[in-house]
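Okay, so here's the structure we're looking at.
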Amino acid sequence: MISQPGAMIKLKADTVIDLSEYTVMPGLIDCHTHVLLQGDITAEDYDVQVLKESVPYRTIRAVNSCNIALQNGFTTIRDLGTEGAGYADVDLKKAINRGVIPGPRMFVSTLAINTTGHYPLSESTYAWELKIPKGLAEITGADEGRRVVREQIAHGADWIKIYADRGYIKLADGSYRSIPNFTSEEIMAIGDETIRSRRKLAAHAVTRDGILAAINAGATSIEHGFGMDDECIQLMIQKNVYWCPTIYVNDYVAEGRAKAGSPINKYFSETEPALFKKATAAGVKIAYGTDIGGYDWHEAQTKDFEFMVQYGYAPLQAIQTATINAAALLGQPLLGEIKTGNYADIIAIKGDPTKDVKLLGNVQWVMKDGLVYKTVK
Ligand SMILES: [Zn+2]
């Protein structure tokens, strides 16, 4: 008998579970989550979490986020930054692995890295005498970049996450530009230190100004990438870099932010269908990433599947972004497929999601590592 908190059924070897009326498939993988965030549509939502909630309180909330991910059928997540909650993601991963709490397999990136003064909380919106907490680790200079990478790995980072650009604009010719956050010395030092330590680099990068620099520094995945151009697409293919397009989160905030006077996300929403078609037709590989936590954990985690189908992917192609593609991005050959020797991460769904990906929003049975965490009603 194996028992684990949160696991509903204690299984013996050779237990038969009848799922003949369901579609059985590999557990889903979300390559872009923030379990320590609870939705921050506005800058104020973000500041409130960082200023008014202690890290222990945010971690208690994150226990709930981890369970939601697992109940949604995501048996693995790559969590891309604690947003001011220190190394609490390492604790959550540890607690899950030791069976203290239920949750998905976690690959964590701890604090994430940006350059000094380019990330919330913004100093200019608070009394300048205050020492304002920050949503990540700030560096200036290549040596500081190396030091912070080393610190994060020492604390348990599986991935290093950087914010490669900011200040996105759309030009009159329809192209997008941004401000690169790092000097080339800084980003190259971070990439080098990451790769020589056998870790991988994930880059928040939205236009060519961030994307090209991040790929040249060795990034394995481009997060968001809403404003990429043809040169970015070619370089991604050449260097086998994955795109996590985080479609729903952008759509979710677009209208509200446009009404508040910032239309850039709306522009991204308008141009993303054509960009997705062009990039995927050219051969860019997609890994499923939602940015959930950036939006509320009670919202759907499976909307990106629907958008991908709307943008021209076959349902099976969309599903594979969260199974074999995501496992390949993570470098985890024992995930993403049901086969002998792999982890027993399996989910079951009523109906056929290869015909209708909306069904993925209603996962009815979840097994992680051979233990059942959600049972058929
Ligand atoms: Zn994110």
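A compact table of results
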{"item": "Distant-in-sequence amide H partners of Lys200 (H built 1.01 Å from N, under 5 Å)", "result": "Ile160"}
{"item": "Exposure proxy ranking, count of Cβ atoms within 10 Å, fewest first, for Val24, Val284", "result": "Val24, Val284"}
{"item": "Mean residue ellipticity (222 nm) of the chain, computed from DSSP H runs ≥ 4 via -39,500 (n - 2.57), nearest 500", "result": "-11000 deg cm²/dmol"}
{"item": "Fewest-first sequence of Glu151, Glu144, Glu223 by Cβ atoms within 10 Å of each Cβ", "result": "Glu151, Glu144, Glu223"}
{"item": "Where the Cα pairs of segment 266-343 fall when distances are cut into 5 Å bins, in %", "result": "3, 14, 20, 23, 20, 13, 5, 2, 0, 0"}
{"item": "Sequence of Ile113, Ile139 once ranked by neighbouring C-beta atoms within 10 Å, starting from the fewest", "result": "Ile139, Ile113"}
{"item": "Contact order relative to length of segment 257-377, as percent, for alpha carbon pairs under 8 angstrom and 6 or more apart", "result": "18 percent"}
{"item": "Kirkwood estimate for the chain, i.e. one over the average of 1/r between Cα atoms, Å", "result": "21.0 Å"}
{"item": "Overall Cα dimensions of segment 115-184 - principal axes, largest extent first, Å", "result": "46, 33, 20"}
{"item": "Scattering profile of segment 234-377 at q = 0.18, 0.19 Å⁻¹ [log10 I(q)/I(0), Debye over alpha-carbon scatterers]", "result": "-1.17, -1.27"}
{"item": "All-pairs alpha carbon distance profile, segment 67-149, 5 Å steps from 0, percent", "result": "3, 14, 18, 19, 14, 12, 10, 7, 2, 0"}
{"item": "For segment 253-306, convex hull of alpha carbons as volume per residue, Å³", "result": "93 Å³"}
{"item": "Rg over Rh, two decimals, segment 150-272 (C-alpha only, Kirkwood Rh)", "result": "1.00"}
{"item": "Relative contact order %, segment 70-207, counting alpha carbon pairs below 8 Å whose residues are six or more apart", "result": "23 percent"}
{"item": "Over segment 206-252: Rg over Rh, Cα atoms, Kirkwood Rh", "result": "0.96"}
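Each reported figure results from applying straightforward, stated rules to the coordinates on display, with no laboratory input. None of the values given here were measured: they were computed from a predicted structure. Ideal geometry is used to build each Cβ from the backbone, glycine not excepted, and the neighbour counts take in all protein chains shown.
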